[in-house]
Structure formats: C-alpha cells, structure tokens
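Trainee: Below you'll find the structure I mean.
The values are calculated or read from the model by the stated rules, or taken from the named source; none is laboratory data. Keep in mind it's a predicted model, so treat the numbers as computed, not measured. Don't worry about glycine lacking a Cβ; one is built from the backbone with ideal geometry, like all the others, and counts go over all protein chains shown.
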Amino acid sequence: MKIKLLFINIFLLSSFTGYSQNVKSDSLLKVLKAELARENFYDLKKGKQINRLRNRLQHTDSANFEVQYDLCSQLSDQYHSFKFDSAFAYVKKMIDLSVKFQNKEKLIHSEILLGTVLINTGFYKEAFEVTEKIDTNCLSNSLKTDYLVLHARLNAGIGDYDNDAYFSKQYYKQSADDFKSAETVTPSNEFEKTINLAFLPESEKSSKLTPQFFYNTIMQRRLPEHGIAMVATRISYAYSGENRIFFLALATLNDIRSATKETLAVFLLGQELFKLNRTADAYIFMQEAAKNAKFYGTRNRAVQIESILPVVASKLIDEKQHERDKLLIGILIFMIVAVLLFFLLVIYRKQILRIKANEQEIKAKNKELESVNGKLWEASKIKEELIGLFFKTCSSYIETLDKVKRKTQRNIKLGKYNDANAVLNNVRIEQEKGQLFNTLDTVFLTMFPNFIDAFNGLLKPEDQVWPKNGETLNATLRIFALMRLGIDDLEVIAKILDYSLSTVYTYKMRIKSKALVPADIFEQQIMDIKFIDSRTAG
C-alpha cells in the first residue's frame, strides 16, 4: 500500500461534528491502560526480531548486494518507528551500498527513506538538503509518488513547527500542491477512497458512514498492527469527542503492540482527553508520549509535549486538591451531624434513664442499688467512648494543621505571600500537641488515679517507670494509658502521640519483656486496672 494514503491532506483536515452513534471508548481505554503495563514485553519482542536480522546481516557475503540491501531495508523498517539513530544508521548503509554497487534506483529509494527518517525527528533542514540532491527527472511512478509525499510532509511539518499565520500558510499551500501531484501520479485505490469518505461534509455523509463502519473497514482489511495505528490516526481527524478518542485509543493500542515509539496517536489522545476535562487519563498518555519521544529522539514532538505536559500536570494537581477539599468538607459535615445525633441520643437516653430511675423508686432497696450500679457502669463506658473520640478528633485536628502548614509552604513557592502569612500566623502545632498531651494526662489520671502505682506494680523495682518532677505522664506511661482506654491499634497510638509506629512498638515490647507476669497476659493486667469515681474515692 502506498504511504501517501496515510498523509494526504492531514494538515488540512478540520474538525467535523461526530455522528450521534455512541462509540464506546471507555472499554478500549481500559484495555489500552492494561497494555501500557505490557509495553516492555512488546519492546523485547521487537528487539528479538531486530537481533535476528542483524545476525543474518553480519553473516552475509559483502559482495552480495541484493541480500545486504534487503536486510538493511528490513532493519530500517524495524527501526523506522522505533529508534531514530539506528534507523538513520541503516538507511545510510543502504545509501552506501547503492553507491558502491551503482544501483541508482535503490539509491533514490534510500535517499527518500532517509528524508522520511529525518522528518520524523524534526531535522527539517537536513531533510530539505536530501530532497534537493535527488534527481527527479528519471523517477518511476512509485518513486515519484514517494518523493512527492516526502516533500509534502516536509512542508507540512515546517508549517506546523513555525506555527505562524503568514509563514505557515505558504508551506501548507506547497504541501497541498505536492499531495495533489502525488494523487495524480498514483491515484488512490478502493480502500484509500473508502477511508477518504470519513472526511466528507456532514451534509454529504449517508447514515451508513458511521464510526462503526470505518472501524469495521479497518478490521476487515487485516492490516498489520502498525498499519491499523496509522489509518486509525488519520480517521480520528474526521471526528471529535468520544468518537475521536475511540480511534486514537485504537491507534495507540496498536502502536504499543507494534513497539512503535515515533507515534503521534498517544500525543493526540492525551490532547483530546485534556479537552474533555479527563485530566487524569490525559496525564497518563501525555507522559507516555513524552517517554516515546525521548526514546525515539523526536525533537519536534518533544518540544510540543514539554509545552503541554506542565499545563496538564498543573490542572491534575488542582483537581486532586479540589477533590481533597470536597472530601474534607464532607467529613466535617458528617462529623457535625454525627456529634449532633450523638448528643440527641445522649439526651434521649438520659430521659429514658430518668424515667426508669423514677420507676425504680417504688421497688425494693436491693433493686435500687442494682440500678444505681448499672448507671455507674454505663456512665463509665460513655466516658471512655467520649475520651477516645476526643483524642482521635484532636489528633485529626493536629494532622489537619500540619497539612495546612505544608499547603502554606506551597503558597509561598507560588508567590502567594499574603495568603501564606495569614494562615501561618494562626498555626500553633507544638502548642496544640502540648495541650493535647496535658489534657490526656489530666483526664486519664482523674479516672485512673492509681494507674501509675498499679502499672509499676507489674515491674521489678529497677525497671519501674515513674514520671519526672513536673510531669504527669511520660512517653511510656502515655502509650499504656491509651491502651487502657481501649485504643489497641498501634498506628492510632502513634498518630495521637506523634511517634513513629516502630517507636511505639519498641516501647511496648521493652516493657512487656521486663514484666513480672508473662508477656501474653501483661496487657490484660493493664486492662484490669480499675476505674475509680473521684466523687466516691474518699
């Protein structure tokens, strides 16, 4: 198939409105993401094919022009869309062989191929120099077509690179003339004409010319994977939105499977997804495009990607920050509602308890004592739950303040100094943590005034842990105090005390190893330390 099919009029294609048929692109994108993870497999497969050809070339008689040229041509094809420097090297070898054996037709073919390789990586000046050296007076129709397509692509590429309304216009016009000349020399075949139907104006398209029709046309043709990718990329220019994403995803998928690195499809796919505000997916494919451009050595496309990728990344960060803000607001609303419901339940329960208490007054003294003991037990459980909730909330608040502090630092980097100062002036992380620990110590020792004595009673005198002057509880005592409150998750304890998980674990295991009781029942002994009501302690 002639190369010209894949390039004629690409630079002239405008965006047509897609058909109402809903092309299912999401499922194809899922497959594409899965194939991205297997990209190395396809690269290794291509590498094996290349190594086999290189080995054959090394063992070929240097006097055998046809075999050497054919193997260099195959290697050039393998590297053409895979790696620029290797493709360039083998095309140069094809030129050298043609000169050495004085084969003019293959020399011109090789020089045209060299121009194509140079265009792929953005060496437009060098490509022009190659085209100027080609003798166009005695070209066959096939070579003349390839030459005109090369010249058209070169002008279109320079027009895109200049990106100027005045200068680019001249290059685009010359490119259009060259494509028309190529079509005159070698008219399109039936398959090419069918693909061209995608670019008819909407008023001329029949109901049969749907995206599904062109998809079936490509698949029925049984093209190689690289051919499918190139045709699907071209058809994508006829559509927009989900329809265009479908064809670009199809092209990118086949580029991956054919180990194509000089690919436009993945870059266009990232752009289209970005236009549709699908920023996370756009970022994934833009990164893939940047990686491919670097691997192949596509300088012109690397410049395009480098100008767009930071914009995509910035928007992705903003969206994630917005999602986090929404989540935080949702959590705060949930907590407020939960607290309100909790207090309503407490009030309701108190009313029920009060009614039950009045009913119990007419019963015997033993029943009244049993009721009072039950209320004390329930009150103790409620206090434990409230304390646990209180400390978790305080810990969460400190963590939130820390996040605000980091966000302020980011604002400073962005130059938002007034916003940063306003937030930082209200941040008192260490003060909040100190207040949290003091509250923890005071409330806990109010409920468990004998905790320190009972705790040290489980240790030998030389291993006992006592707070220093001015301290209520130290680090070790706080860890086991939180465990007595029912907080048995070491990660939660670490967050509350602002320690690492390993530090909490080390404190715990060190004390258990020194206990007078077996380690497996030490924690149970801690949990058996009794709650003492300060109102009845005297």
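Trainee: Are there any pairs, at least 6 apart or on different chains, whose C-beta atoms fall under 8 Å, with the first in segment 487-508 and over 20 Å from Phe522 (Cβ atoms) and charged (D, E, K, R) and the second at pLDDT 85 or above and surrounded by fewer than 18 Cβ atoms within 10 Å (Cβ to Cβ), and if so, which?
Mentor: Glu491/Leu501
Trainee: Limited to segment 44-65, what total is found for residues that are of a type in the set (D, E, K, R) and in contact with a Phe, Trp or Tyr (Cβ under 9 Å, 6 or more places away or on another chain)?
Mentor: First, pick out the residues of segment 44-65 that are of a type in the set (D, E, K, R): 45-46, 48, 52, 54, 56, 61.
Among the residues that remain, those that are also in contact with a Phe, Trp or Tyr (Cβ under 9 Å, 6 or more places away or on another chain) are: 46.
Number of matching residues: 1.
Trainee: So which of Phe246, Phe274 ends up being more than 25 Å from Asp43 (Cα to Cα), of a type in the set (A, V, I, L, M, F, W, C), assigned to a helix (DSSP H, G or I) and at pLDDT 90 or above? If you could, list the steps in order and put the result at the bottom.
Mentor: Details: Phe246 fails: more than 25 Å from Asp43 (Cα to Cα).
Residue meeting the stated conditions: Phe274.
Trainee: While we're looking at this one, here's another question. Quick one: which helices (runs of 4 or more DSSP H) sit completely within segment 120-229 and have at least 3 residues that are more than 40 Å from the chain's Cα centre (by Cα)? Write out each step before concluding.
Mentor: Details: elements: 124-133, 141-162, 167-185, 190-196, 211-221.
Qualifying helices (runs of 4 or more DSSP H): 124-133, 141-162, 167-185.
Trainee: Please state which of the following conditions Lys193 fails to meet, knowing it meets all the rest: (1) among the basic types (Lys, Arg); (2) farther than 30 Å from Gln220 by Cβ; (3) not assigned by TED's automatic domain parsing to the domain that holds Thr136.
Mentor: Of (1) among the basic types (Lys, Arg); (2) farther than 30 Å from Gln220 by Cβ; (3) not assigned by TED's automatic domain parsing to the domain that holds Thr136, only one is false for Lys193: (2).
Trainee: When the residues of segment 287-302 are filtered to those that are among the charged types (D, E, K, R) and without any contact (Cβ under 8 Å) to a residue 60 or more places away in the chain, which remaining residue is farthest from Asn120 (Cα to Cα)? Break it down into steps so the answer makes sense when it comes.
Mentor: Quick first cut of segment 287-302, residues among the charged types (D, E, K, R) only: 288, 291, 294, 299, 301.
If we keep only those that are without any contact (Cβ under 8 Å) to a residue 60 or more places away in the chain as well, we get 291, 294.
On the way: Lys291: 16, Lys294: 13 Å.
Of everything passing the filter in segment 287-302, Lys291 is farthest from Asn120 (Cα to Cα).
Trainee: If the requirement is being exposed (fewer than 13 other Cβ atoms within 10 Å of the Cβ) and modelled with pLDDT under 85, which of these qualifies: Lys365, Lys350, Lys315? Explain how you work it out, then say what you get.
Mentor: Details: Lys350 fails: modelled with pLDDT under 85; Lys315 fails: exposed (fewer than 13 other Cβ atoms within 10 Å of the Cβ).
None of the others qualify; the one that does is Lys365.
Trainee: Something else: Considering only residues that are within 39 Å of the chain's Cα centre (by Cα) and either among the aliphatic types (A, V, I, L, M) or part of a helix (DSSP H, G or I) (or both), which ones fall in segment 483-494? Spell out the reasoning first.
Mentor: As a first pass, look at segment 483-494 and keep what is within 39 Å of the chain's Cα centre (by Cα): 487-494.
Result: Ile487, Leu490, Glu491, Val492, Ile493, Ala494.
Trainee: Given Ile305, Ile284, which one is within 17 Å of the chain's Cα centre (by Cα) and either in contact (Cβ under 8 Å) with a residue 40 or more places away in the chain or not in a helix (DSSP H, G or I) (or both)? Before the answer, list the steps.
Mentor: On the way: Ile305 fails: either in contact (Cβ under 8 Å) with a residue 40 or more places away in the chain or not in a helix (DSSP H, G or I) (or both).
Answer to the check: Ile284.
Trainee: Which residues, taken from segment 72-92, are within 22 Å of Thr298 (Cβ to Cβ), assigned to a helix (DSSP H, G or I) and not polar (S, T, N, Q)?
Mentor: Leu75, Asp77, Tyr79, His80, Phe84, Asp85, Ala87, Phe88, Ala89, Tyr90, Val91, Lys92
Trainee: Considering segment 461-482 alone, what residues qualify as being assigned to a helix (DSSP H, G or I) and farther than 21 Å from Lys433 by Cβ?
Mentor: Pro461, Glu462, Asp463
Trainee: Quick one: in segment 455-491, which of the residues that are of a type in the set (Gly, Ala, Ser) and closer than 22 Å to Leu501 by Cβ is surrounded by the most Cβ atoms within 10 Å (Cβ to Cβ)?
Mentor: Kept after step one, since they are of a type in the set (Gly, Ala, Ser), are these residues of segment 455-491: 457, 470, 475, 481, 486.
In the following step, the residues that additionally are closer than 22 Å to Leu501 by Cβ were identified as 475, 481, 486.
Details: Ala475: 14, Ala481: 24, Gly486: 12.
Looking at residues that are of a type in the set (Gly, Ala, Ser) and closer than 22 Å to Leu501 by Cβ, I get Ala481.
Trainee: Do any residues in segment 32-56 that are assigned to a helix (DSSP H, G or I) have Cβ atoms under 8 Å from those of residues that are surrounded by 13 or more Cβ atoms within 10 Å (Cβ to Cβ) and of a type in the set (D, E, K, R), where the two are at least six apart or on different chains, and which pairs are they?
Mentor: Matching pairs, first to second residue: Glu35/Arg257; Leu36/Glu288; Tyr42/Arg257.
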